[in-house]
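The values are calculated or read from the model by the stated rules, or taken from the named source; none is laboratory data. Just so we're clear, the structure is a prediction, and the values are computed from it rather than from any experiment. Here the Cβ is made from the backbone with ideal geometry for all residues, glycine too, and neighbour counts use every protein chain on show.
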Amino acid sequence: MKLDASSPTRYQAIGDVLNEEAERAANQLLVGASIIASVGVPISVSRFFVFGWNNVYSLHIFGLIVVLILCFFRHRLPARIKTGVILVLSMLVSLAGLFNYGLYGNGALWGSFAVFVASMFLHRRNILAIAALFMLIYLMAAVGYVTGLLTFPADPIDYLQSPLPWGIAIVGSFFFVVLVIIIDSNHKTTTQRLILELENKTKQLAMMAGHDLLTELPNLRSVKEHTENLVAELAAGKAESAMFFIDLDGFKKINDTHGHDAGDHVLKTVAKALLGIVRSGDIVARVGGDEFVILLTDYGETPLPDLEGFAQRIIEAAGAETRYQGQALRVGASVGITRLGRDQDSYDAAVKRADAAMYQVKNAGKNGFRVAHQ
């Protein structure tokens with residue numbers, strides 16, 4: 001049975017999968033950022049020993065502490081908080097780097113990283129806003145250095161001739177490249193897995209829409225749709241069909257005496273037993289708490305079985321003893337029978353006839369069958 005694409009349940013299931021993938025990606029990003037910060041911040045701060053203290057180092061240390069705390073509590077925090085903090089820290093580090101070291105630092109790299117992260121988690125409008133903010137910071141830093149409002153904290157030649165800044169740039173670039181490769185690889189793997197999970201969830205939802213979760217039999221909605229289609233075929237003279245409406249006898253007593261788990265066990269056992277007596281193409285459905293419907297159809301290849309004889313087989317199958325936690329459990333079955341008519345019949349009309357016949361069985365002492373008058 002096809003599920004309507006506008007089904008709220010379907011969208012909810014897809015949203016759940018997307019949220020799970022966003023959570024997983026945010027955790028991977030946070031772990032990667034923690035590794036980069038743990039290695040890069042000590043190296044960056046070590047410039048203090050050569051060029052003196054710079055306030056940007058305080059920001060680096062603060063960022064390291066925040067990232068490590070977030071990483072430690074990452075399974076308790078929502079994805080939007082983790083990615084939001086990473087974005088804010090990336091932009092702050094980019095701002096500090098560009099305004100303190102210009103093109104000699106990793107400010108441009110951090111800004112590009114922020115845009116990359118935004119492209120993974122945010123909507124297009126927010127991505128454009130992050131990119132515009134980064135370009136504005138970049139432009140302001142350029143104007144500041146060109147006009148002399150900003151000055152480099154050390155002699156540029158000495159800075160370039162020192163191996164320490166080059167080591168910082170190389171290590172930082174290496175970790176960023178590795179992180180981007182890992183994220184991109186995980187993104188491709190995640191996309192493939194997401195497609196498979198969405199397909200599986202769609203199949204599960206289609207199953208849920210047309211099947212009873214306990215017995216896995218078709219449910220009321222499914223058998224009603226099948227009956228309406230069958231009536232159309234009957235009207236064209238292409239088939240014959242009969243409906244058996246089954247109500248279990250003594251089921252309530254089992255629920256009350258042994259509990260609902262025992263009752264569920266009986267329902268699943270009866271469902272399996274009924275499936276065992278029908279032919280391929282026939283329908284066994286659970287349409288209520290302890291109510292089942294069987295539709296037998298003859299498309300000309302094999303005739304319908306004797307209806308009364310088949311009803312007796314239903315009673316025997318449903319009434320077979322089953323055991324649950326050492327207890328012997330047994331129910332009976334009251335069965336109402338009707339043929340599907342060729343003229344303006346319907347599921348509701350057929351069930352009404354079969355249900356009336358079934359209640360005649362109940363009133364006569366239960367555990368039997370009755371054919372409804374057409």
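Quick notes on this one:
- Residues in segment 273-296 that are in contact with a helix residue (DSSP H, G or I) (Cβ under 9 Å, 6 or more places away or on another chain) and among the basic types (Lys, Arg): 1 in all.
- Selection of segment 350-369 for residues being touching a helix residue (DSSP H, G or I) at 6+ places or on another chain (Cβ under 9 Å) and either more than 21 Å from Ala317 (Cα to Cα) or of a type in the set (Asp, Glu) (or both) yields Ala350, Val351.
- Yes/no for Ala318 being aliphatic (A, V, I, L, M), in the same structural domain as Ala273 (by TED's automatic domain parsing), within 28 Å of Gly263 (Cα to Cα) and in contact with a Leu (Cβ under 9 Å, 6 or more places away or on another chain): yes
- Qualifying residue in segment 156-164 (condition: modelled with pLDDT under 75, part of a helix (DSSP H, G or I) and buried (at least 17 other Cβ atoms within 10 Å of the Cβ)): no
- Failed condition for Phe152, given (1) touching a residue at least 12 places away in the same chain (Cβ under 8 Å); (2) part of a helix (DSSP H, G or I): (2)
- Checking Phe175 against (1) of a type outside the set (S, T, N, Q); (2) without any contact (Cβ under 8 Å) to a residue 24 or more places away in the chain; (3) surrounded by 12 or more Cβ atoms within 10 Å (Cβ to Cβ), the condition it does not meet: (2)
- Residue list for segment 311-346, filter: at pLDDT 90 or above and farther than 16 Å from Val270 by Cβ: Gly336, Ile337, Thr338, Arg339
- The numbered conditions (1) assigned to a helix (DSSP H, G or I); (2) at pLDDT below 80 are all true for Gly237 except (1).
- The condition (being without any contact (Cβ under 8 Å) to a residue 40 or more places away in the chain, surrounded by fewer than 18 Cβ atoms within 10 Å (Cβ to Cβ) and in contact with a helix residue (DSSP H, G or I) (Cβ under 8 Å, 6 or more places away or on another chain)) is satisfied by just one residue among Ile65, Ile69, Ile61, Ile35: Ile61.
A quick yes/no check of all residues on (1) within 23 Å of Ile65 (Cβ to Cβ); (2) of a type in the set (S, T, N, Q); (3) outside the structural domain of Asn54 (by TED's automatic domain parsing):
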site	(1), (2), (3)
Thr83	yes, yes, no
Leu95	yes, no, no
Asn100	yes, yes, no
Ser112	no, yes, no
Ser119	no, yes, no
Asn126	no, yes, no
Val143	no, no, no
Leu149	no, no, no
Pro153	no, no, no
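- Single match in Ala262, Ala235 (criterion: surrounded by fewer than 20 Cβ atoms within 10 Å (Cβ to Cβ), in contact with a Phe, Trp or Tyr (Cβ under 7 Å, 6 or more places away or on another chain) and over 18 Å from Lys366 (Cβ atoms)): Ala262
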